[in-house]
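Colleague: Dumping the structure here so I can ask a few things about it.
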Amino acid sequence: MRFEGYNTPYFAYNVARIRVADEDKVMSQKELTAYVLKNENSENAWERNISDYTVHQVSDKDIIDYLERGHSAKRIDFEYSDKVSALNKLFLTNGDKLLNAGMVLFCDNQYTELQMAIFAGTERLTFNDIQRQHGTVFELVLAAEKYIKNNIHWRVEFDGSLQRKEIPEIPTDAIREALINSFCHKDYGACQSNEVAIFKDRVEIYNPGSFPEGYKPEDFIFGGERPVRRNPLITSVLYYSKDVESFGTGLKRITDVCNEQKCKIEFKMLKSGFVVVFFRSGRSGEEGALTDTPTGTPTDTPTDAPTVEMRMGRILALCETPQSREDLMRELKLNDKNHFIQTYINELIKQGRLTRTIPDKPNSPLQKYVAL
């Protein structure tokens, strides 16, 4: 195989000429990408290319936390000595440079971007909220999971015990599986964002990366097909920490969990990528219906709790005069400090609607907050 026109103006116009067995063929960029992915060996895949990031840009804490999860899952047997050795044992380095796989897993970079939005209706017209975040794969999965949980409905069941049981309209295990899959199978070279879109009737999780050529979702759910992994190194690292349960079972696990909890699901194969669609069910006033307002987290939110946006409005009203975190949490009847700081305080500061009275010492015990 020989490429002609690479790094030339001709290639820049999204076509290239490939000579195969003495035959010339002009391919579009999409056809060329598919051809290269089909014929290249794994050592030349995007995830194994050397990035511009070094191992020294990785947080020691992130590596230690990752290895602890791997130890708990009994899928990693080596101990932490230093991050250089740990990343090398995970096959994520070349010298002191990170491979692209290591970059997206452990560094904030331009390839891992997440866009999240809540739409007012069932179409992409008017939105009530929109956010865009950068971060590592682990950070973005967590951010997306929290965003969905905070903005879907939950119902409460009492089983006679002192603890009530709160059940989401979409199984959280299926949500997390779909989010992890969206980063495992993403086409990182396309430089497009993963997306979470919350509509009145459904939640969509999108990843840029076409479905394996010649396959359908049903082949992996019911047909017993072997896994086809776009990013096997990234997937393997997620498997070691048990973020991925097992190879090639994601779609089946999502389907099984949704069927068990009677949540309708659909898989869409787009030209630009792949979408998992969870259909929302139940409205207030119906028998066995879900609560009609989203909750923050089940652990500190009553059934008739206000929305996240309503709580933010209450915080801003209180912060017309300086308020401490303790006072705000007491007023809002919340008890999860980390969730409160991340979901409300940090988000309002990010939006430019709130500021700290001691900005250079965020964790000061004298810290208070004032609305802008």
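The values are calculated or read from the model by the stated rules, or taken from the named source; none is laboratory data. Small disclaimer: the values here were computed from a predicted structure and weren't measured. Counting neighbours? That spans all protein chains shown, and the Cβs are built from the backbone with ideal geometry, glycine included.
Colleague: Kindly indicate the residue of the range 194-219 that is in a loop (DSSP other than H, G, I, E, B), in contact with a Ser or Thr (Cβ under 9 Å, 6 or more places away or on another chain) and of a type outside the set (Phe, Trp, Tyr) and also surrounded by the most Cβ atoms within 10 Å (Cβ to Cβ) among those meeting that condition.
Modeller: GLY209
Colleague: If you don't mind, there's one more thing I want to ask. Taking the stated definitions as given, is ARG176 among the basic types (Lys, Arg) and within 28 Å of TYR66 (Cβ to Cβ)?
Modeller: yes
Colleague: Also, quick follow-up: Tell me the residue from THR93, THR54 that is within 29 Å of the chain's Cα centre (by Cα), under 19 Å from ASN231 (Cα atoms), of a type in the set (Ser, Thr, Tyr) and modelled with pLDDT of 95 or more, please.
Modeller: The conditions single out THR93.
Colleague: State the number of residues belonging to the range 340-372 that are among the hydroxyl-bearing types (Ser, Thr, Tyr) and in contact with a Phe, Trp or Tyr (Cβ under 6 Å, 6 or more places away or on another chain).
Modeller: 0
Colleague: Which of the strands (runs of 3 or more DSSP E) contained wholly in the range 60-137 include at least 2 residues that are of a type in the set (Phe, Trp, Tyr), touching a Cys at 6+ places or on another chain (Cβ under 7 Å) and on the phi < 0 side of the Ramachandran plot?
Modeller: Per the criteria, no element qualifies.
Colleague: Say whether the condition of being farther than 17 Å from GLY250 by Cβ, over 16 Å from the mean Cα position of the chain (by Cα) and not in a loop (DSSP other than H, G, I, E, B) is met by at least one residue in the range 181-189.
Modeller: Yes, the range 181-189 contains at least one residue that is farther than 17 Å from GLY250 by Cβ, over 16 Å from the mean Cα position of the chain (by Cα) and not in a loop (DSSP other than H, G, I, E, B).
Colleague: Tell me which residues, restricted to the range 250-274, are of a type in the set (Val, Ile, Thr) and either out of contact with any helix residue (DSSP H, G or I) (no Cβ under 9 Å at 6 or more places or on another chain) or without any contact (Cβ under 8 Å) to a residue 12 or more places away in the chain (or both). Spell out the reasoning first.
Modeller: Just the residues of the range 250-274 that are of a type in the set (Val, Ile, Thr), to begin with: 254-255, 257, 265.
Across the range 250-274, there are no qualifying residues.
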